[in-house]
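Heads up, the thing below is written out as structure tokens.
Read-outs throughout are calculated quantities, based only on the coordinates presented, and are distinct from any laboratory measurement. Because the structure is a prediction, the values reported are computed rather than measured. For neighbour counting, all protein chains shown are included, and Cβ atoms are generated from backbone atoms with ideal geometry for every residue, glycine included.
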Amino acid sequence: MNFEHKSVMLEEVLNALAVKPNGIYLDCTLGGGGHSRAVGELLNEHGLLIGLDQDADAISAAKENLSGLACAVKIVHSNFSRLDEILDELGVEKIDGVIFDLGVSSYQIDTAERGFSYMKDSPLDMRMDRRRTLTARDVINTYDEARLIKIFREYGEERFSKRIAAAICRARKISSIETTGEFVKLIEQTAPRTKNGGHPAKRIFQAIRIEVNGELEILESSIKKAVDRLKIGGRIAIITFHSLEDRIVKETFKTLAQGCICPKNFPVCVCNHRAAIKILGKPKTATPDEINLNSRAKSSKLRIAEKIFEAISKEEFHADKT
């Protein structure tokens, strides 16, 4: 296995994290370990690097890529929605920094049998974690028309959702749809190319991939868990690749950066709510030079925030008031 993945905005991520040599850093989307390797090279023997990924191939590649570092390395085959449990299992209470590099990896797209690419003919799979049971084939062949329309609209922002869903339901009455090649041909016969010449299957493949892997439904809660585990002054860096996930990151950061949430007509604050994070600047994008070297960086955005306040429980709040 040759797990190749170009880490997007590597220098920007390192600058965002302001890595401390003896710090503890969590990479929630380890992939081949590119970002983690760069962070690990800045850590000394007292530092700790923790990497999570739900893809077994990524875990194997990362173990090799992260060997020989001075710091301790812990690699866990799991989804980042479990980051709280994993940190507890490792005996880690607080961390100095966390990375999320969201979406599908170059390796997953380029490996035909994984079924992520509309440009390669393969079985309809799209599972990032092959221990999961739901596949792209299941979605395409078993979801009813209304449910297909819903995911194409919500996860693909596809304006021809009704037309494509209807075509799928007609086709599968004759024979089940088994491969990406069959599916792409059906889409090409049903929907026109986008105005900028983009392939009509791109948004549909994105929508099905998100549905199969439950990508968006776990994102907000996972960001909040990660921020809760940061030390004061710790940093969170999140790279997104499409508007749906970026919108969730933006709104979650906005919520966590909000101070008093009392109604506007209250004369004084009684909620004791304080901002947990400070958003550090506007989202960064890849440089033209990086995009020339890696076209997949074109749509990427990097959002950064710093932990500034430790949330207190309701019990602690009321104890302070008595």
Open item on the list: Give me, ordered by chain and number, the residues 5 or more places off V19 or on other chains with an amide H under 5 Å from its own placed amide H.
Closed with: none
Task: Burial ordering of D144, D138, D53, D246, fewest other beta-carbon atoms within 10 Å first - done: D144, D138, D246, D53
Task: Residue among I308, I208, I261 with the largest mean-square fluctuation in a Gaussian network model of the chain, springs linking Cα atoms under 10 Å - done: I261
TODO: Could you tell me which of rounded, prolate or oblate describes the range 115-213, using a ≥ b ≥ c as the square roots of the eigenvalues of the alpha-carbon gyration tensor, with rounded for a/c under 1.5 and, failing that, prolate when a/b is larger than b/c and oblate otherwise?
DONE: rounded
Open item on the list: Can you tell me what percent of all Cα-Cα pairs in the range 45-134 are more than 18 Å apart?
Closed with: 53 percent
Open item on the list: Under the 0.36 nm per residue contour assumption, what length would be gained going from the current alpha-carbon distance of A166 and A38 to full extension?
Closed with: 41.3 nm
Task: Choice from V104, V268, V73 showing the highest fluctuation, given a GNM over the chain with Cα pairs closer than 10 Å - done: V268
Task: Approximate spin-label separation K202-K278, in nm, with each point projected 7 Å along Cα-to-Cβ - done: 3.8 nm
Task: Residue exposure sequence - T111, T142 - by fewest surrounding Cβ within 10 Å - done: T142, T111
Open item on the list: As an exercise, use a Förster radius of 30 Å and the Cβ-Cβ distance of D110 and D88 to find the FRET efficiency, rounded to the nearest 0.05.
Closed with: 0.25
Task: Listed values (1) 77, 52, 49; (2) 70, 58, 39; (3) 80, 39, 32, entry calculated as Cα extents along the principal axes in Å - done: (2)
- [ ] Give the cross-link partners of K307 among the lysines, using a straight C-alpha distance below 16 Å as the criterion and excluding same-chain residues fewer than 8 apart.
- [x] K20, K94, K224, K225, K231, K250, K254, K278
Task: Geometric extent, Cα atoms of the range 108-163 - Rg, Dmax (angstrom) - done: 12.2, 33
Open item on the list: For C269, C28, C169, which order do you get if you count the other beta carbons within 10 Å of each Cβ and list the fewest first?
Closed with: C269, C169, C28
Open item on the list: What are the ³J(HN,Hα) couplings of the range 17-33, residue after residue, when phi is run through the Karplus curve with 6.51, -1.76, 1.60 and θ = phi - 60°? Round to Hz, x for glycine and proline.
Closed with: 6, 6, 4, 8, x, 9, x, 10, 10, 10, 9, 7, 9, 4, x, x, x
Task: Highest-MSF residue in the chain out of E217, E89, E310 [GNM, Cα springs under 10 Å] - done: E89
TODO: Would you tally the net charge around R203, using a Cβ to Cβ cut-off of less than 12 Å, leaving R203 out, and scoring K and R as +1, D and E as -1?
DONE: +2
Task: Cα long-axis angle, helix 145-156 against the chain (0 to 90 degrees, to the nearest 10) - done: 50 degrees
TODO: Please find the FRET efficiency linking L293 to E217, where r is the Cβ-Cβ separation and R0 is fixed at 30 Å, and quote it to the nearest 0.05.
DONE: 0.35
Open item on the list: What is the angle, in °, between the Cα long axis of helix 202-213 and the longest principal axis of the Cα atoms in the chain? Nearest 10 is fine, range 0 to 90.
Closed with: 60 degrees
Open item on the list: If you fit an axis through the alpha-carbon atoms of helix 56-65 and take the longest principal axis of the Cα set of the chain, what angle between them do you get, 0 to 90°, nearest 10?
Closed with: 50 degrees
Task: Cβ-placed point charges (K, R +1; D, E -1), dipole of the chain about Cα centre in debye, nearest 20 - done: 1320 debye
Task: For the chain, calculated [θ]222 nm from helices alone, where every DSSP H run of n ≥ 4 adds -39500 (n - 2.57) - done: -12000 deg cm²/dmol
